[in-house]
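Below is one structure, written out as structure tokens, with a few remarks after it.
Here, each number is a calculation from the coordinates, and none is a lab measurement. Please read all numbers here as calculations on a predicted model, not as lab measurements. Virtual Cβ from ideal backbone geometry, glycine too; neighbours counted across all protein chains shown.
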Amino acid sequence: MSKDINKERPSVGVVGGGMLGLTLALRLTQAGYRVTVIEAASNLGGLVSSWQLGSISWDRYYHVIMLSDLRLRSLLEELAIEALIEWRVTKTNFYTGQDLYPLNNAWDYIRLPALTLIDKVRLAATIVYGSRIKKGKKLEAISAEKWLTQLSGKSTYQNLWRPLLRSKLGSNYSKASAAYIWSVIRRFYAARRGGMKKEMFGYVPGGYQKVLSVLEQRALSEGVTIKTGLRVSSITKGINELTVDSKEDSLKFDRIIDTCASPIAVDHCKALSEDEIKAHSQILYQGIICASLILTRPLGKAYLTYITDETIPFTTIIEMSTLVDSAVEFNGKHLVYLPKYLPVDDPLFAAADEVIEARFIAGLVRMFPDLKRSEILAFKISRTRHVVAVATQNYTSKLPSMATSVPGLYIINSAHIVNASLSVDETVNLANTGAEYFLAQEAGV
């Protein structure tokens, strides 16, 4: 997009200062629009924001960069930090309720005790078949459970695929379409390289705090205005403009793009049509409770540990210090994430931090009986109710348009990431395509 220096171009308010809102703002400013980003929190970033954990400052939620994340890598190259990415070969473990098993190559799959030889052959065939499907639209008509059971067999589904689905979708796993797991297979298959298909993950030194800082400075230098600490209460349509109201301020724009999750965006603008409100309300969102721990020692020495034992209170273990240089970033300590994905109305969201901490630590000690409480230096909990929209059956046919019935108002949010796997690459891609859609709408194309 070439910049058109024209002060008469419409002003645009972007509600939400996460990666989506910031990248959208940058793209529209580059196209000549006067853009203001409005963020409720005191700092930018949303799901990629950082926080303080003991003496360590790092990402609030876990994120990695894959070799196949071409849109994200392109943005980082534009920001002159793509060359900083540190790439590592990572490992994956599988916890069956009794022991940890490596799950990194063909030999590990062959030795996996939870599956028979026939199960393993069918599993391999499913992965290869899924990775070769170019378009997943037809897979929206069938559930992930039915598709995977047909291809891999009931035993493989129960012992491997179901735990993998639970690790991202929690109890909503049964509502996901086959298109969702197909997209996950393609992304992770593309992240592997070499004869044994080793996983290559990367990170920017300094984490997403570094990425956000550079992105913010670039946006500001391009002319974007950023306002933090403004929690939007309403968006209303006037005769010639749209107004964003908050307790702190009232801002007027020619156009507004709301990047918040659908339930929040709908609450912002009561002037949406009944059909639009219904369409946004029917989107099934997934939430997360994620504990961050600082340990004096490593755990399973794998970046990712899938858990099949449903009595463990979290669904996965992410050992970030197996990827990130802990001596440089974590003062020689070890950063671990314990995520649990939940429906947005799960009562655990209202539980006290002390209750969740006791449950999570008890589950971790069950998996690692030699872990001592004194080896846990810090424990902190983050909660977000609307993290990702679950790709239910026939999802795209029910997806609301980015343009709304309110002239000048757009809703461009994570629900428009079809078959989302919670990658920042998907968010950057949505920002790029959302900006293109906005410009085409404004041009009358």
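Structural remarks
- Kirkwood-based Rg to Rh ratio, region 101-165, C-alpha trace: 0.98
- Exceedance of the 23 Å cut-off in Cα-Cα distance is limited, within the set 227/247; 301/380; 120/146; 168/333, to 168/333.
- Positive dipole terminus of the chain, leading residue within 109, 217, 411 (C-beta point charges): 109
- For region 41-94, the square roots a ≥ b ≥ c of the C-alpha gyration tensor eigenvalues yield an a/c of 1.5 or more together with a/b not exceeding b/c, which makes the shape oblate.
- For the chain, share of DSSP beta bridges that run antiparallel, in % to the nearest 5: 70 percent
- Normalised alpha carbon radius of gyration of region 20-161 [divisor 2.2 N^0.38 Å]: 1.47
- Projected onto planes of every orientation and averaged, the convex hull of the alpha-carbon atoms in region 305-364 covers 5.1 nm².
- Think of the chain as having a plus end and a minus end, set by charges on the Cβ of Lys, Arg, Asp and Glu; of 355, 124, 303, 124 sits farthest toward the positive end of this dipole.
- Eigenvalues of the alpha-carbon gyration tensor of region 60-143, scaled by 5 and square-rooted, set the equivalent ellipsoid semi-axes at 31, 21, 12 angstrom, largest first.
- Residue among 148, 371, 176 farthest towards the positive dipole end of the chain, charges placed on Cβ: 148
- Note on region 1-99: the C-alpha convex hull projects to 10.3 nm² when averaged across all orientations.
- Charged side chains reduced to their Cβ positions (Lys and Arg at +1, Asp and Glu at -1) give the chain a dipole of some 1320 debye around its Cα centre.
- D (Stokes-Einstein, µm²/s), Kirkwood Cα radius, region 219-352, 1.002 mPa s at 20 °C: 112 µm²/s
- Over all Cα atoms in region 258-299, the spread is summed up by Rg and Dmax: 17.8, 55 Å.
- For residue 295, the shell of other residues with beta-carbons less than 15 Å away shows a net charge of +1, using +1 for Lys and Arg and -1 for Asp and Glu.
- Sites residue 141 and residue 111 - FRET efficiency at Förster radius 35 Å, r taken between beta-carbons, to 0.05: 0.45
- Seen from every direction in turn and averaged, the convex hull around the alpha carbons of the chain projects onto 21.5 nm².
- The chain - mean residue ellipticity at 222 nm from DSSP helices (-39,500 (n - 2.57) per run, n ≥ 4, rounded to 500): -9500 deg cm²/dmol
- Calculated on C-alpha atoms, the gyration radius of region 342-445 divided by its Kirkwood radius gives an Rg/Rh of 1.17.
- Rounded to 5, percent antiparallel among DSSP beta bridges of region 1-136: 55 percent
- Sorted largest first, extent of region 338-403 alpha carbons per principal axis (Å): 53, 22, 19
- Largest-first ellipsoid semi-axes for region 392-433, taking √(5λ) over the Cα gyration tensor eigenvalues, angstrom: 20, 15, 6
- With neighbour counts taken as other beta-carbon atoms within 10 Å, the residues 69, 309, 275 rank, fewest first, as 275, 309, 69.
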